[in-house]
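Everything on this sheet refers to the single structure shown next.
The values are calculated or read from the model by the stated rules, or taken from the named source; none is laboratory data. This one's a predicted model, so the numbers in the text were calculated from it and none came from an experiment. Note that each Cβ is placed from the backbone with ideal geometry, even for glycine, and that neighbours are counted across all protein chains shown. For the accessible areas, the whole protein counts, side chains as well, though only heavy atoms, and no ligand, DNA or RNA atoms are used. Shrake-Rupley method; radii C 1.70, N 1.55, O 1.52, S 1.80 Å.
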Amino acid sequence: MTTTSARPKSSADWIAIEQATFFPNLRPPMVIERGQGSRVWDVEGREYLDLIAGIAVVSLGHASPVVQRALAEQSAKLIHTSNLFYTIPQLQLAKLLTEHSPFDRVFFCNSGAEANEAAIKLARKWGKRHRDGAYAIISAEHAFHGRTLATVTATGKENYTRSFTPLPDGFPHVPFNDMDALERAVDATTAAVLLEPIQGEGGVHVATENYLRDVRDFCRDKNLLFMVDEVQTGVGRLGTLWGFERWGVEPDVMTLAKGLGGGVPIGAVLANESAAVFEPGDHGSTFGGNPLMCAVAYDVVRYILDNDVLGNVNRVGGVLKRGLEHMAAEQPLIQSVRGEGLLLAIELTVEHAPDVVRLGHDEGVLLNATGPTTIRLAPPLTLTEAEAKEGLAKLRRALDRLDVPELTQPAAS
Ligand SMILES: Cc1ncc(COP(=O)(O)O)c(C=O)c1O
């Protein structure tokens with residue numbers, strides 16, 4: 001037990017609390033105290049341009065007046081009832097999401113993993129009813145669907161699952177963007193295919209032009225559910241309200257979280273009528289669809305629709321992507337640039353992405369390494385063109401400062 005003492009002042013003092021109390025964690029030695037728009041400040045008062053936005057969450061920027069107002073007004077009225085009762089914000093959000101998507105039914109939860117967990121249960125029930133008890137859900141290699149036992153199994157990364165076996169049955173994986181492999185993997189046990197339009201955590205790998213369309217047609221032909229995980233790509237991030245619109249497909253089920261709440265925790269599963277097989281008692285959540293979170297999500301989505309935020313994502317995403325491509329032409333550490341809208345990545349020629357992120361902190365920019373060679377950018381959807389250019393300049397300085405011994409020393413013979 002710790003005793004109460006004076007409020008810590010420095011990042012180091014605060015971090016000492018983490019080291020004494022948390023399950024071990026890995027994060028940079030900075031304690032963020034406040035944010036405004038696309039910027040945050042740490043307890044030492046250092047300013048950072050935030051090009052990762054809490055991993056694609058703070059969609060309207062930090063301390064957004066839209067989010068503040070919704071929180072203030074709804075918290076003064078009603079915060080929680082559980083799903084024992086109807087509440088108005090939940091019903092309004094359900095109406096808004098279904099009116100602006102091809103889906104008919106919705107279930108609200110609190111996170112991306114919970115949304116996928118619900119989608120997995122939905123697919124299993126659908127398989128029992130419509131495919132002779134089929135239960136398997138095919139997902140892609142390098143996918144990320146969450147950390148609960150079922151979703152981490154669908155994620156399929158050995159280093160995430162190794163300590164938690166035995167894993168649930170029925171989660172085969174196929175290479176992403178490989179239609180033949182998917183066709184070969186389907187058998188009588190298959191109920192559904194679950195894919196991200198862009199694999200965000202996997203390193204911003206984009207589904208090819210035809211892949212999602214071919215998967216859609218194939219699932220229809222074979223009587224399989226086609227489910228998209230839009231936890232990272234949904235709610236405007238790719239410059240369309242839903243990511244799948246870019247591919248011109250309509251999935252049967254979509255999962256959402258992250259940017260939906262603009263910073264508050266909310267997730268959702270949306271399904272078309274024929275996929276929506278949940279009946280009372282099949283699934284539930286105490287906090288899911290809480291009026292406070294739904295009021296915020298409603299105002300976030302309304303703001304995106306009414307203020308041409310999608311136009312901003314396309315314009316500023318274009319500036320950022322072209323800037324990165326231009327940088328790649330000049331800076332030999334960048335091998336390639338990937339992504340759509342405001343979900344972008346650079347692939348480095350060397351395994352130093354975490355070092356570039358660290359140097360970025362010195363330069364006053366927050367970036368994210370999804371692996372040793374990949375740096376991801378997922379800024380607020382309200383990022384301005386000037387901020388995009390500032391971010392590019394800071395990233396460039398971080399790259400230019402990288403001291404890479406393997407590039408400067410002759411290879412050992
Ligand atoms: C595509 C995708 N699905 C699911 C998740 C899990 O979401 P959460 O961390 O809210 O559980 C993530 C998180 O990064 C994600 O990117």
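One residue is enough: does segment 338-349 have a residue meeting the conditions under 14 Å from G203 (Cα atoms), at pLDDT 95 or above and among the basic types (K, R)? Yes, some residue in segment 338-349 is under 14 Å from G203 (Cα atoms), at pLDDT 95 or above and among the basic types (K, R). Of the set (1) within 17 Å of the chain's Cα centre (by Cα); (2) open to solvent by less than 40 Å² (accessible area, probe 1.4 Å); (3) not β-branched (V, I, T), all apply to L324 but (1).
In segment 244-259, the qualifying residues are those that are touching a residue at least 60 places away in the same chain (Cβ under 8 Å) and within 25 Å of G54 (Cβ to Cβ), and the one that is most open to solvent (accessible area, probe 1.4 Å) is R246.
Scanning segment 214-241 for residues that are within 13 Å of the ligand (Cβ to nearest atom) and not acidic (D, E) turns up M227, V228, V231, Q232, T233, G234, V235, R237, L238.
Being aromatic (F, W, Y) and part of a helix (DSSP H, G or I) is not true of F287.
What is the one condition in (1) modelled with pLDDT under 95; (2) among the small types (G, A, S); (3) away from the ligand (no atom under 16 Å from the Cβ) that G156 does not satisfy? With respect to (1) modelled with pLDDT under 95; (2) among the small types (G, A, S); (3) away from the ligand (no atom under 16 Å from the Cβ), G156 is out only on (3). Only residues that are of a type in the set (A, V, I, L, M, F, W, C) and either within 12 Å of the ligand (Cβ to nearest atom) or more than 20 Å from the chain's Cα centre (by Cα) (or both): list them for segment 104-117, please. Once the filter is applied, which keeps residues that are of a type in the set (A, V, I, L, M, F, W, C) and either within 12 Å of the ligand (Cβ to nearest atom) or more than 20 Å from the chain's Cα centre (by Cα) (or both), segment 104-117 yields C109, A113, A115. So is H80 open to solvent by 40 Å² or more (accessible area, probe 1.4 Å), under 21 Å from G289 (Cα atoms) and more than 19 Å from the chain's Cα centre (by Cα) or not? Judged against the criteria, H80 is a match. Consider segment 263-321 and keep the residues that are within 28 Å of K389 (Cα to Cα) and among the polar types (S, T, N, Q). The one that is surrounded by the most Cβ atoms within 10 Å (Cβ to Cβ) is N312.
Within segment 102-128, residues that are of a type in the set (S, T, Y) sit with their Cβ atoms under 7 Å from residues that are within 16 Å of the ligand (Cβ to nearest atom) and outside any helix (DSSP H, G or I), at 6+ positions apart or across chains, in these pairs: S111/A257; S111/P265; S111/G267. Taking first residues from segment 171-194 that are on the phi > 0 side of the Ramachandran plot and open to solvent by 20 Å² or more (accessible area, probe 1.4 Å) and partners that are part of a helix (DSSP H, G or I) and not β-branched (V, I, T), the Cβ contacts under 7 Å between residues at least 6 apart in sequence or on separate chains come to N177/Y211.
In segment 120-153, the qualifying residues are those that are more than 10 Å from the ligand (Cβ to nearest atom), of a type in the set (A, V, I, L, M, F, W, C) and part of a helix (DSSP H, G or I), and the one that is farthest from F287 (Cα to Cα) is W126. Among the residues in segment 323-334, are any of a type in the set (V, I, T), in contact (Cβ under 8 Å) with a residue 24 or more places away in the chain, over 21 Å from W41 (Cα atoms) and not in a helix (DSSP H, G or I)? The answer is yes; a qualifying residue exists.
Cβ-Cβ distances below 6 Å connect the following pairs, each with a first residue in segment 56-71 that is under 29 Å from G203 (Cα atoms), a second residue that is outside any loop (DSSP other than H, G, I, E, B) and among the basic types (K, R), and a separation of six or more residues or different chains: A56/K258; V57/K258. Only one entry of V186, V253 meets the criterion of being among the aliphatic types (A, V, I, L, M), closer than 21 Å to G112 by Cβ and more than 11 Å from the ligand (Cβ to nearest atom), and that entry is V253.
Scanning segment 322-363 for residues that are out of contact with any Leu (no Cβ under 8 Å at 6 or more places or on another chain) and of a type in the set (K, R) returns R322, R358.
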